[in-house]
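The block underneath contains the structure these notes are about, expressed in structure tokens.
The values are calculated or read from the model by the stated rules, or taken from the named source; none is laboratory data. Since the model is a prediction, treat every value here as computed from it, not as a measurement. Methodologically, a virtual Cβ is constructed for each residue, glycine included, from the backbone with ideal geometry; neighbour enumeration extends over all protein chains shown. Ligands, DNA and RNA are stripped out before the accessible areas are found, and what is left, the full protein with its side chains, is counted by its heavy atoms. Shrake-Rupley method; radii C 1.70, N 1.55, O 1.52, S 1.80 Å.
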Amino acid sequence: LEMTDLREAKIAHIALAPLPYYTPILNALAAKVRLHVVYLSDHPFLVGFSNQWRIAPQFPYSFIGARSLTVPQWELQFQITVGVARRLDLLNPDIVLVYGWHPAMIEPVLWASFRKRPVVMWHESSGFSGHLRGRMSNFLRKQFLRRIDAFVASGRSAASYLETLSIPSSKVVTSCLPSGVDLQHVMSTEPRQAGIRFLFVGRLIPRKRPVELIHAFATVRKQIPEASLWVVGSGPLDAEVKAAAASVGSDVHILGALEGPALSQIYHESDVLIL
């Protein structure tokens, strides 16, 4: 980016949410540059910085409200926001760091292009996910990526995908980033039942196969009698999932949608995560 001293650079990072594996990385970056993080969120749980993971942000941050749009027939949900440009005008950064090609990143990228500020993208998509999206999606991504000056790719697969989208390898830094999360802070101290606890978290839609999951668990339980299955989520298959659970018995627990500390706790009290 041809800056004489990055330690003096002002970086504005546009992020979607204060995620626990994300904050330690931003803390490390903030130790090297002047960083301000702008979170875009429409979620009630994320209107402020949640410190449930006991990882305090060591950088200034602010929030901008966003709106989620859902297209049920395509199983598509994405987030848009307006007002990032005004916030960037106030921050006046030397560099803009965006998270992927999320639609909410279009406004900050256009701001940087208009103000002639370099843009760095934190990129995680792989060639496999790009293949699933089709030619039109990849065409639009190419047009978007033309405005990006440099990329940090999380792994070789993500870096290779950028090359297929005509991004020179000289613009890409490949990195594997650790989370640094201390999980002991969210572990419950309450005793729990013996036996293996299986956990499913996701939308209850046909593509996720939650009903088939419960039938499969019924077979597993014959070999592991003390096993239990915990299902977290909601969706159009709510009734079918509850009926399947009732046919198996009390070892299948349907919890509905969980968020925040309740979701953290169920993750860390379980033994096997089912995808």
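Report the net charge of residues surrounding Val120, where surrounding means a beta-carbon distance below 12 angstrom and charges are Lys +1, Arg +1, Asp -1, Glu -1. Result for the neighbourhood of Val120: +1. Within the shell defined by Cβ-Cβ distances under 10 Å, the residues around Tyr161 carry a net charge of 0, with Lys and Arg each +1 and Asp and Glu each -1. Accessible area of Tyr99 (1.4 Å probe, protein heavy atoms only, ligands and nucleic acids ignored): about 50 Å². A 1.4 Å probe, protein heavy atoms only, puts the accessible area of Ile254 near 50 Å². Residue-wise HN-Hα couplings along region 205-216, as the Karplus relation 6.51 cos²θ - 1.76 cosθ + 1.60 with θ = phi - 60° gives them from phi, are 10, x, 5, 7, 6, x, 5, 4, 4, 5, 5, 5 Hz; Gly and Pro carry x. Net charge near Leu35: determine it from the other residues with C-beta under 13 Å of the C-beta of Leu35, scoring Lys and Arg +1 and Asp and Glu -1. That sum, taken over residues with Cβ under 13 Å, equals +2.
The share of Cα pairs per 5 Å bin across region 194-275, counted from zero up to the longest distance, runs 3, 16, 30, 26, 18, 7, 1 percent.
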